[in-house]
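Structure record follows, encoded as structure tokens.
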Amino acid sequence: MTSALLATSAMIAAIVISATAGDILTASAMRQVGDLDVIRQRSGILGAAGAVVTNGRFGLGVICLALSFFSLLFAFSHRDLSLIGPAATSLTFVTNALAAKFFLHENVDRRRWTAALFVCVGVALLAF
């Protein structure tokens, strides 16, 4: 494997892993917080906002999403946009489906798995 291919793969992996971690952490945080309408009725809009921003998982998720964003900007400035953009976005879709199934215990239906398979095939065709 050439050093350029290895660097490109590492950049895509950093984007995908941090984006998936951010998505899963923020989803988990929102499940912990609960129904924001109920909190807003009880404590007002500031109480609802406070419940979200004081949640540790939410903060960690935002940090991961920011890391993903800056990793994406770094990758765009050093590698080919036509590979980084589609690969990072589509692979994030696949890893989000996997993480939702195994970490959030969501029911991921057959249609979403089929879509993930098509995404993998598309990325493979793009990469080679």
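The values are calculated or read from the model by the stated rules, or taken from the named source; none is laboratory data. Because the structure is a prediction, the values reported are computed rather than measured. Note that we place each Cβ from the backbone using ideal geometry, even for glycine, and neighbour counts take in every protein chain shown.
Here are the numbers for the structure shown:
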{"item": "Looking only at segment 1-20, and only at residues there that are closer than 22 Å to G61 by Cβ and of a type in the set (A, V, I, L, M, F, W, C), the one that is nearest to the chain's Cα centre (by Cα)", "result": "A19"}
{"item": "Selection status of V123, part of a helix (DSSP H, G or I), over 17 Å from S18 (Cβ atoms) and modelled with pLDDT under 90", "result": "yes"}
{"item": "First in segment 77-106 and over 16 Å from A21 (Cβ atoms) and among the small types (G, A, S), second anywhere and at pLDDT 90 or above and buried (at least 19 other Cβ atoms within 10 Å of the Cβ), Cβ under 8 Å, 6 or more apart", "result": "A87/I12"}
{"item": "Hits in segment 13-33 - residues which are touching a residue at least 12 places away in the same chain (Cβ under 8 Å) and small (G, A, S)", "result": "A14, S18, A19, A21, G22, A27, S28, A29"}
{"item": "Filtered residues of segment 106-120 (kept if assigned to a loop (DSSP other than H, G, I, E, B) and surrounded by 13 or more Cβ atoms within 10 Å (Cβ to Cβ))", "result": "E106, V108"}
{"item": "Criterion: over 30 Å from G122 (Cα atoms), at pLDDT below 90 and out of contact with any strand residue (DSSP E or B) (no Cβ under 6 Å at 6 or more places or on another chain) - qualifying residue of I39, I45", "result": "I39"}
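Here is a yes/no grid of residues against (1) touching a helix residue (DSSP H, G or I) at 6+ places or on another chain (Cβ under 6 Å); (2) at positive phi; (3) among the charged types (D, E, K, R):
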residue: A29; (1), (2), (3): yes, no, no
residue: L65; (1), (2), (3): yes, no, no
residue: A88; (1), (2), (3): yes, no, no
residue: A97; (1), (2), (3): yes, no, no
residue: H105; (1), (2), (3): no, yes, no
residue: R112; (1), (2), (3): yes, no, yes
residue: A116; (1), (2), (3): yes, no, no
residue: L125; (1), (2), (3): no, no, no
